[in-house]
Amino acid sequence: MKSYKLLILSGTLLVSLAGCMKVDDPFVDRVVAPVLVVIDNTVGDGGGQTGEPVVSQKVAGPVTLGVRIYELDKSGILDNKVGIDSIPVTSLAIKLTTRAGVAIGELKTDGMGKATISKTWAELGIPAPAAGSSVSLTWTGEYKGQAFSRLSRVQAVN
């Protein structure tokens, strides 16, 4: 009976100690993004609320993709009259690739922080697009020495 109580006590102690230990996530190194990347013409929110914004484009015709890059000035976050200010990031080089790593193009933001690219479905890797065809994309760049990536997807519609 004593050994049974000792076993329960040591098990409880191990569980409580294990619950107090901080374990780092081995899969994702989380770093705050240096910029806000907003994908243009998305279904729903193209900013930070959607993990993978979707852009719908017609099967016939070119595929036009756009992005806006902002630096967030949080100095007025505690003042409800000022808040967070979105400042366009100009002349920023951005690479657009498929999720498989195939290069689609290199862009540079303009004076309003916007960059646009136009491609055919074949250039995106879909020679005969049909409604529902899609390409997963990654927008990457570096701002103030910190790399960033933003996922999105373009989907064909009739």
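The values are calculated or read from the model by the stated rules, or taken from the named source; none is laboratory data. The structure presented is a predicted model; accordingly, all values stated were derived computationally and were not measured. Neighbour counts are summed over all protein chains in view; Cβ atoms, including those assigned to glycine, are modelled from backbone coordinates with ideal geometry. Side chains included, ligands, DNA and RNA excluded: accessible areas come from the protein's heavy atoms. Shrake-Rupley method; radii C 1.70, N 1.55, O 1.52, S 1.80 Å.
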(message) If I ask for residues that are of a type outside the set (Gly, Ala, Ser) and open to solvent by 60 Å² or more (accessible area, probe 1.4 Å), which ones from segment 99-127 would you list?
(response) Arg99, Val102, Glu106, Lys108, Asp110, Met112, Lys114, Thr116, Thr120, Glu123, Pro127
(request) Report yes if Lys74 is free of Cβ contacts under 8 Å to residues at least 60 places away in the same chain and among the basic types (Lys, Arg), otherwise no. (result) yes
(request) Look through Leu96, Leu92, Leu72 and report the one residue that is under 26 Å from Pro34 (Cβ atoms), open to solvent by 40 Å² or more (accessible area, probe 1.4 Å) and among the hydrophobic types (A, V, I, L, M, F, W, C). (result) Leu72
(message) Could you check segment 115-146 and list, in sequence order, the residues that are part of a loop (DSSP other than H, G, I, E, B) and basic (Lys, Arg)?
(response) Lys144
(message) What's the total number of residues in segment 99-109 that are within 19 Å of Pro34 (Cβ to Cβ) and in a loop (DSSP other than H, G, I, E, B)?
(response) 1
(message) Need the failing condition index for Gln49 against (1) open to solvent by 70 Å² or more (accessible area, probe 1.4 Å); (2) farther than 21 Å from Val31 by Cα; (3) part of a loop (DSSP other than H, G, I, E, B), just the number.
(response) (2)
(message) Going through Ser149, Ser134 one at a time, which residue ends up being within 16 Å of Pro53 (Cβ to Cβ) and exposed (fewer than 13 other Cβ atoms within 10 Å of the Cβ)?
(response) Ser149
